[in-house]
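Let me begin by presenting the structure, written as structure tokens, before commenting on it.
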Amino acid sequence: MLQAVLARARQRGLLQPAVEASIDATGLESHYVSHYFLQKQQGRCKRHRRWLKLMLVCDNRTHLILGAVTGVGPSNDAAYFAPAITQAAALQPIQTLLGDAAFDSEGFHRLCREELGIENTCFPINPRRCPAAPVKGRYRRQMAKHFPAARYGQRWQAETVMSCLKRLLGPHLKARSNAARACEAHLRVITYNLMILYAHLKSFLQSTFIIECIVLLCTLCRHFPLPKRIPAPVEVVAA
């Protein structure tokens, strides 16, 4: 279904032939108990349920979600990088991929550039436990010497997408099992993309209606031309 939605977006001209994308992960609550309530329990609440983790790859220009992979949190984001970017690259060509320091790995750079055909990858260097140690790897050394700071600023578009997804469709899941929660999360991703397509189609129809009105007005003016010179009003003199 996600492939069909992205294909329709390309037909509408929303997606470019090769896009700039960002990758990041967020969490969706599996229950309706707030964090504030859990903090106020002061040890009386013995059970804290795990939450569903959603890794997203999104287009920075249109905020369309290109790929989505689910898991169970809390967990490391790096474990979901390869399946998420592989899915996104198969559905939409990506020219540039932006990510945070959690994806600082030479293997991730090689996967994107050498196997998936992504021209540019931008992941900041993670110093880990040895900040003074030399940076290893061809692509990681490129990041250390020539980091594209201006381009990396667009990585925050992923944060915007996750915020919109939660504000529009809610941060809580209603399903009870992990498999059902994953299915619900994917359905929310598709619904979010359809909402973007509907908003674009609505504005397109409005602009088309305005153009049709202008064309109709020009046609009427052609059939009923205005006089070139408006005669002056005749003054009536009282006897």
*Name the pairs whose Cβ atoms lie under 6 Å apart, with the first residue in segment 1-21 and within 13 Å of Asp59 (Cα to Cα) and touching a residue at least 12 places away in the same chain (Cβ under 8 Å), the second of a type in the set (D, E, K, R) and not in a loop (DSSP other than H, G, I, E, B), and 6 or more positions between them or separate chains?*
Val19/Asp59; Ala21/Asp59
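Output the helices (runs of 4 or more DSSP H) that fall wholly within segment 115-229 and possess 1 or more residues being modelled with pLDDT of 85 or more and among the β-branched types (Val, Ile, Thr), or say none.
157-169, 178-223
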*Of all residues in segment 88-113, how many are within 27 Å of Ala4 (Cα to Cα) and part of a helix (DSSP H, G or I)?*
7
*asked:* So, in segment 153-191, how many residues would count as being more than 11 Å from Leu28 (Cβ to Cβ), among the small types (Gly, Ala, Ser) and touching a residue at least 12 places away in the same chain (Cβ under 8 Å)?
replied: 1
*Flag for Glu119 being in contact (Cβ under 8 Å) with a residue 24 or more places away in the chain, surrounded by 14 or more Cβ atoms within 10 Å (Cβ to Cβ) and acidic (Asp, Glu)*: no
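The values are calculated or read from the model by the stated rules, or taken from the named source; none is laboratory data. Predicted model, so just to flag it, every value in this text is computed and none were measured. Heads up, the Cβs are rebuilt from the backbone with ideal geometry, glycines too, and the neighbour counts pull from every protein chain shown.
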